[in-house]
Ligand SMILES: Cc1cc2nc3c(=O)[nH]c(=O)nc-3n(C[C@H](O)[C@H](O)[C@H](O)COP(=O)(O)OP(=O)(O)OC[C@H]3O[C@@H](n4cnc5c(N)ncnc54)[C@H](O)[C@@H]3O)c2cc1C
């Protein structure tokens, strides 16, 4: 690939979002060069839940069957009242049979999804994925965009017609473009403990189970790991007054798991992690020839599993529009429409939903708590309401909402202003104003 070729696209970040964007562009004949600062794909346990709205996009690339093979298919999810041990509601994606070709969730660890995408990229002649290459600077003119990259061969400059910033929550690309990342950081960190203990056989937990508890909410979900019997990841809020060492000490970890499900013997813990969680959205997803996608554009808490899903949906949207612009037929305004559609969904849906999910699980007021659980029970008992609810959690409704926004909605042509005017502000944040 020639640097500076008219239709080449540079991508900062070889996470799942950068790689999927590369695949969609390269499939259409566009030259793509991806830079990632790591030496290889990272296997740290992060996202796994892939919703029907995302499977619809991945399916076009034949990824769904492969993900189901290396992951787990989860048709249902559950809400539990942790203090009483009652399963309050179970939702079955089978109710979405008329809404999607994929009426189920696939639990596929994100490094597996990224590996499947990378394997496809490696079979294409017009893509380079350069690991050990860190993007440090971004400049642009009316005609091109240039990045400075530090790699094994030293400092280099690469020029392309567009740059996609898919370089994660701390995005250098976003910072180089001076785009604010508005919102807030939760006071408490989230703790993730992974164990092979089989919560389904012992306790009846579904592969995705959410536990409401005013003292200590919990998410519990299964991944296939390196094969049967698989692994269970449990996620909890961490006391902000405690240090990382205190929270991750063997005794503290053991006590936490025994509180979730007391058993006569110690838990085997194969992974423990503490991480800071944010609710933030970039003020714009477009700055001239630079487009942001994935965590570089938006971050949220993981309750409901919407972070990576939103990023892969960004990639699907951007890959299609950028190809239309580069291959001749599409107006430049399509890239403003990308900003409008995806930023609207991030504001109106993903931020609102993930904050509401957290508030529902941690609610302390007994009256509100009972009302929340009663409402979940009532929704689950009514197939029509359950289907509507599932269309939201499965990220199908948000996909349809994005598709309903058209070039005519761009107004002044400044997508950022259009979104600010329309979106409802998120409680406690500034990101959608
Ligand atoms: C514990 C946890 C659980 C989660 N669970 C879920 C879930 O169930 N469902 C869900 O949808 N989401 C979940 N998420 C969120 C999900 O992990 C992220 O949304 C996802 O990783 C975003 O993908 P990405 O490709 O945008 O960014 P990343 O995966 O962060 O990839 C960014 C890439 O950019 C590279 N990079 C960074 N800076 C540079 C630079 N300057 N130059 C070159 N390369 C650079 C990095 O090396 C990295 O490979 C979870 C997150 C965590 C932490």
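Bear in mind that the values in this text are calculations on the coordinates, not laboratory data. This structure is a prediction, so every number in the text was calculated from the model and none was measured. Positions of Cβ are backbone-derived with ideal geometry, glycine not excepted, and every protein chain shown enters the neighbour counts.
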If a residue has to be within 12 Å of the ligand (Cβ to nearest atom), surrounded by 15 or more Cβ atoms within 10 Å (Cβ to Cβ) and part of a loop (DSSP other than H, G, I, E, B) to count, how many in the stretch 269-282 make the cut? 1
Boolean, residue 173 is near the ligand (Cβ under 10 Å from one of its atoms) and assigned to a strand (DSSP E or B): no
Can you tell me how many residues in the stretch 10-36 are assigned to a loop (DSSP other than H, G, I, E, B) and away from the ligand (no atom under 11 Å from the Cβ)? 4
Could you identify the single residue in 94, 89 that is more than 11 Å from the ligand (Cβ to nearest atom), part of a helix (DSSP H, G or I) and farther than 20 Å from residue 166 by Cβ? 94
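Here's the yes/no breakdown for (1) within 13 Å of the ligand (Cβ to nearest atom); (2) out of contact with any strand residue (DSSP E or B) (no Cβ under 6 Å at 6 or more places or on another chain); (3) not in a loop (DSSP other than H, G, I, E, B):
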{"residue": "284", "(1), (2), (3)": "no, yes, no"}
{"residue": "295", "(1), (2), (3)": "yes, yes, yes"}
{"residue": "304", "(1), (2), (3)": "yes, yes, no"}
{"residue": "308", "(1), (2), (3)": "yes, yes, yes"}
{"residue": "311", "(1), (2), (3)": "yes, yes, yes"}
{"residue": "321", "(1), (2), (3)": "no, yes, yes"}
{"residue": "325", "(1), (2), (3)": "no, yes, yes"}
{"residue": "330", "(1), (2), (3)": "no, yes, no"}
{"residue": "339", "(1), (2), (3)": "no, no, yes"}
Flagged in the stretch 41-59 as touching a strand residue (DSSP E or B) at 6+ places or on another chain (Cβ under 7 Å) and near the ligand (Cβ under 7 Å from one of its atoms), in numbering order, are 45, 48, 49
Does residue 134 fit the bill of being surrounded by fewer than 22 Cβ atoms within 10 Å (Cβ to Cβ) and over 18 Å from the mean Cα position of the chain (by Cα)? yes
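Is it fair to say residue 266 is farther than 30 Å from residue 160 by Cα, within 16 Å of the ligand (Cβ to nearest atom) and outside any helix (DSSP H, G or I)?
Values: farther than 30 Å from residue 160 by Cα: yes; within 16 Å of the ligand (Cβ to nearest atom): no; outside any helix (DSSP H, G or I): yes.
So residue 266 does not fit the description; no.
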Every listed condition ((1) touching a strand residue (DSSP E or B) at 6+ places or on another chain (Cβ under 6 Å); (2) more than 30 Å from residue 303 (Cα to Cα)) holds for residue 199 save (2)
Kindly provide the set of residues from the stretch 225-250 that are buried (at least 17 other Cβ atoms within 10 Å of the Cβ), in a loop (DSSP other than H, G, I, E, B) and out of contact with any helix residue (DSSP H, G or I) (no Cβ under 7 Å at 6 or more places or on another chain), ordered by number. 225, 230
Count, please, the residues in the stretch 83-123 that happen to be surrounded by fewer than 21 Cβ atoms within 10 Å (Cβ to Cβ) and out of contact with any helix residue (DSSP H, G or I) (no Cβ under 7 Å at 6 or more places or on another chain). 14
